[in-house]
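Novice: One structure is given below, represented as structure tokens, and several questions about it will come after.
Every read-out reported here was derived from the displayed coordinates using simple, explicitly stated rules and does not represent laboratory data. Because the structure is predicted, anything quoted here is derived from the model rather than measured. Positions of Cβ are backbone-derived with ideal geometry, glycine not excepted, and every protein chain shown enters the neighbour counts.
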2 protein chains.
Amino acid sequence: LGGFCLVVTQEDHLAVSLETNLDLHYVVAHQQIEIKTSASRTVIPQEISLETAIKQWSNLGGFTAALFKNDKDLLAFCAQDFVVETHRKSQIPHFDELKELAVANGALIFGISGSGPSVFALCESNQTAMAVKESFDKLLTKKEHDYHLYSGSVDKKGVHELL
Amino acid sequence: LGGFCLVVTQEDHLAVSLETNLDLHYVVAHQQIEIKTSASRTVIPQEISLETAIKQWSNLGGFTAALFKNDKDLLAFCAQDFVVETHRKSQIPHFDELKELAVANGALIFGISGSGPSVFALCESNQTAMAVKESFDKLLTKKEHDYHLYSGSVDKKGVHELL
């Protein structure tokens, strides 16, 4: 619960828990709009260039390594999404503004959570996360959709069951 | 030198050293044929399906996590290559026979090294690696190409400079 998890997708799915000693704090912004998962999938092309695929493969490996190596610069460097974000961000109201606010307030990473419409920011400190959250709040309160903001710290043990 | 290295491919290339406590032994078989890198690239399609790309992304992440987590089962599970091997193995003489020998002798992983024509097996013990090497030797000595076999242990510190 609450940490990083990698799902290895072959015939079966295998959840791999990713441990880290990085101190990471998340902010999630969820606007009350509905994007059907099926609709969300159709905006993604079914074929991608090998070049893009290779960039994304190395990012996945680098992101995973960054967690274990506790290397926040590498984590931020490898968090870029070359595949989904370009296509899916148009479905998320105010995506670019939210991203700019996250970056301006010092977030390491900003991205789409799952198939949307939630977006998340990952920050190095609770203070930064609170600043990001406040900036999201100020923006979204002026906009047309109801929204919820969530924040908390990332579990260093990765995904695990609560006993 | 001699350990795992992940190359993160964006505008620049970034080499990320992958540490592990797994005790891994390699065998490399190099047959004396020439495959031009350019020719080797042309057999790979320039577009791949998103489904295949996702499988390979998760494998890359899983492989990286397996090294840090010292999980040899996960390492073997995630070592499957869904993209390059299918297209490139036809350029490597006796590929399927070598793979069968590696698996039969207990190798965790068998694959193509870089763009070929070298192939490698990774094993859990030196004893297994020696058995794999011997089986390669017995096979290749009957075949048409000159060949070299190499073996050794994988550096646990990942790729690093020798002082």
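Novice: With charges set only on the Cβ (+1 for Lys and Arg, -1 for Asp and Glu), what does the dipole of the protein assembly as shown come to about its Cα centre, in debye to the nearest 20? Before the final figure, lay out the partial values.
Specialist: On the way: 28 positive and 42 negative charges, 17 e Å.
Once rounded to the nearest 20, the dipole reads 80 debye.
Novice: Let's test the formula: R0 of 30 Å, r as the Cβ-Cβ distance of B:Lys142 and B:Ser113. What FRET efficiency results, to the nearest 0.05? Can you show the working numbers first?
Specialist: Details: r = 22 Å, r/R0 = 0.74.
Once rounded, the FRET efficiency stands at 0.85.
Novice: Remind me, relative contact order of segment B:25-156 in percent, using alpha carbon pairs under 8 angstrom and six or more residues apart? Don't skip to the end; give the middle numbers.
Specialist: Details: 170 pairs, mean separation 55.5, N = 132.
Computed over segment B:25-156, the figure is 42 percent.
Novice: So in chain B, what percent of DSSP beta bridges are antiparallel if you round to the nearest 5? Provide the component values of the computation, followed by the final result.
Specialist: Numbers: 22 of 23 bridges.
In chain B, DSSP labels about 95 percent of beta bridges as antiparallel.
Novice: Okay, next question. Taking the Cα centre of segment A:22-153 as origin, sum charge times position over the Cβ atoms of Lys and Arg (+1) and Asp and Glu (-1), and report the length of that vector in debye to the nearest 20.
Specialist: So the dipole magnitude of segment A:22-153 works out to roughly 160 debye.
Novice: As a test of the formula, what do you get for the protein assembly as shown when each DSSP H run with n ≥ 4 contributes -39,500 (n - 2.57) and the sum is divided by the residue count, at 222 nm and rounded to the nearest 500 deg cm²/dmol? Show your work: numbers first, answer last.
Specialist: Values: 12 runs with 126 residues, N = 326.
Using -39500 (n - 2.57) per qualifying helix, the result is -11500 deg cm²/dmol.
Novice: Oh, and also: Looking only at A:Leu122, A:Leu149, A:Leu50, which one moves most when chain A is put into a Gaussian network model with springs between Cα atoms under 10 Å?
Specialist: Fluctuation is largest for A:Leu50.
Novice: How high is the relative contact order of segment B:30-103? Use alpha-carbon pairs under 8 Å, at least six apart in sequence, and give a whole percent. Numbers along the way, then the final one.
Specialist: Details: 30 pairs, mean separation 24.5, N = 74.
After rounding, I find 33 percent.
Novice: May I ask you to derive the FRET efficiency for B:Gln80 and B:Ser17 from their Cβ-Cβ distance with R0 = 22 Å, giving the value to the nearest 0.05?
Specialist: Values: r = 23 Å, r/R0 = 1.06.
E between B:Gln80 and B:Ser17, to the nearest 0.05, is 0.40.
Novice: Hey, in the GNM for chain B with a 10 angstrom Cα cutoff, which one of B:Asp23, B:Asp146, B:Asp71 fluctuates hardest?
Specialist: Fluctuation is largest for B:Asp146.
Novice: Normalising by the residue count of segment B:98-163, find the relative contact order in percent from Cα pairs under 8 Å and 6+ residues apart. Present the calculation step by step, with values, prior to reporting the outcome.
Specialist: Values: 56 pairs, mean separation 16.7, N = 66.
Reported as a whole number, the value is 25 percent.
Novice: Measuring from a point 7 Å out along Cα→Cβ, what nm distances, shortest first, does B:Gly106 have to its partners in the other copies?
Specialist: Result, one decimal in nm: 5.4.
Novice: Further question: For each pair in A:Lys133/B:Lys55; A:Lys69/B:Lys133; A:Lys72/A:Lys156, compute the distance between the two Cα atoms and list the pairs where it is over 25 Å. Walk me through the numbers on the way to the answer.
Specialist: Numbers: A:Lys133/B:Lys55 34 Å; A:Lys69/B:Lys133 34 Å; A:Lys72/A:Lys156 14 Å.
Among A:Lys133/B:Lys55; A:Lys69/B:Lys133; A:Lys72/A:Lys156, the Cα-Cα distance tops 25 Å for A:Lys133/B:Lys55; A:Lys69/B:Lys133.
Novice: Efficiency by 1/(1 + (r/R0)^6): what FRET value for A:Gln46 and A:Ala104, r their Cβ-Cβ distance, R0 = 51 Å, to the nearest 0.05? All intermediate terms of the calculation are to be shown ahead of the outcome.
Specialist: Numbers: r = 35 Å, r/R0 = 0.69.
Approximately 0.90, to the nearest 0.05.
Novice: Comparing B:Leu14, B:Leu74, B:Leu139, which has the greatest mean-square fluctuation in the GNM of chain B with Cα pairs linked when under 10 Å apart?
Specialist: B:Leu14
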